[in-house]
1. If the Cβ limit is 9 Å and pairs must be 6+ apart or interchain, which residue in segment 124-138 that is within 13 Å of residue 99 (Cα to Cα) pairs with which residue that is of a type in the set (Asp, Glu)?
2. Kindly indicate which of 194, 179 is aromatic (Phe, Trp, Tyr) and touching a strand residue (DSSP E or B) at 6+ places or on another chain (Cβ under 7 Å).
3. From the list 109, 93, which one is of a type in the set (A, V, I, L, M) and within 18 Å of the chain's Cα centre (by Cα)?
4. Out of all the residues in segment 273-294, which are surrounded by fewer than 22 Cβ atoms within 10 Å (Cβ to Cβ) and outside any helix (DSSP H, G or I)?
5. Any residue that is modelled with pLDDT of 85 or more and on the phi > 0 side of the Ramachandran plot - is there at least one of those in segment 227-241?
6. If we keep just the residues of segment 146-184 that are within 25 Å of residue 255 (Cα to Cα), free of Cβ contacts under 8 Å to residues at least 24 places away in the same chain and not small (Gly, Ala, Ser), which is surrounded by the most Cβ atoms within 10 Å (Cβ to Cβ)?
7. Having 3 or more residues that are in contact (Cβ under 8 Å) with a residue 24 or more places away in the chain and farther than 17 Å from residue 217 by Cβ is the bar; report the helices (runs of 4 or more DSSP H) wholly within segment 1-100 that clear it.
8. Report whether or not residue 60 is assigned by TED's automatic domain parsing to the domain that holds residue 186 and out of contact with any helix residue (DSSP H, G or I) (no Cβ under 9 Å at 6 or more places or on another chain).
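The values are calculated or read from the model by the stated rules, or taken from the named source; none is laboratory data. Everything numeric here is computed off the predicted structure, so don't read it as measured data. Cβ: placed from backbone, ideal geometry, glycine included. Neighbour counts: every protein chain shown.
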Amino acid sequence: MNVHNQPLVSVLMAYYDNLKHVEESIKSVYAQTYKNWEFIVVDDCSPSVEAQELIRSLQKKYGFKLISTGKNSGAAKSFQLAFEHSVGDYVSIISHDDLYTDNKLEHSIKIILKQDLDAVYCNGAIITDDNTKTPQPFETREVVEALSKGQHYVADLICASDGFGCLLTQGAVYKRKIFTELSWMREKFLLDDFPFTIKVWQDYKTGFDEAVLYLYRHHEHNVHKDFWRWLPARVQVVSELVPPDKKIETLAYILINMGEFCVQKKLYDDAFRFATAGLVMASTEKNMHYAKAVILRIRSENKKQIAKELANKIQDVLNRTTIGFKIYRAVMKLLIALLPNKQFRRDMRIKLNI
């Protein structure tokens, strides 16, 4: 495709106090095989003089548009500000420590034009802080299976779990109208990826491709690792965007996920509380298996400290024999007994295993 016939893509970056990786990220934008793009970077009031000077020197070196803010507003509002200074037909974002593959824009635009999409998400791979390990692609099986049934199944899948690495916004390219029409979300929600992705899959013609087109860097300062800070934000999304019939299961996943984070930090008491609360709420096999895996990990990692009483409590939870489950079964038995149809009563007892 001749560059003059290519739609313009606006690449947006939110920058904050990054000395180590930002130039590598910028280079990956300038290495694109697709040539008709603009690049806007917002320095979100970096606190260190070194970081401010670095991004200004890189602007002079590479020639991108640089906007500096007077106060720190967070990544979501920085991306929105960058968008407001852009003019592209399509929008693609990049974090200041992640990388695009050379064909990220070209591959995405070809799919969008060929399939007449509003947006396309492509897969990514995890890289380490020092680039020493082979990139590990995100798992795509569940997303591919859901999409084979229809786009709304992907939206339902995201609503049930906010943990799909293959659907991060870094891997997507959007028509400009999506960023325009969903700009209110970047003001309302503390998180940006989770709610934005839900709305895109719910309301716009969206596709997914398994090609790995970006590299997500894992390091100690990843925003998602501040899990205590983002718990209220995740709950906010469930409260306002997830359909009523999926709210409890999504909250169950989030609680179990919090338990997993606590295990990583060796906060075993907190991990147990979160994982067991999630297990009580969970009804899908996937979330029950996830919760049990987290609880078993607590027991495995904490053998020496864990008291016999807690060990027995864990086993009760794993077997779903706690007093809460006993009360649940008793109540359900009473309710099922009130059903007028004998066969229906039998089917419900089998389904609920009571």
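1. Matching pairs, first to second residue: 124/98; 127/98; 129/97; 129/220; 131/24.
2. Unique residue meeting the criteria: 179.
3. Exactly one residue qualifies, and that residue is 93.
4. 283, 284
5. No, segment 227-241 has no match at all.
6. Within segment 146-184, the match that is surrounded by the most Cβ atoms within 10 Å (Cβ to Cβ) is 157.
7. Answer list for segment 1-100: 49-62, 75-84.
8. The answer is yes for residue 60.
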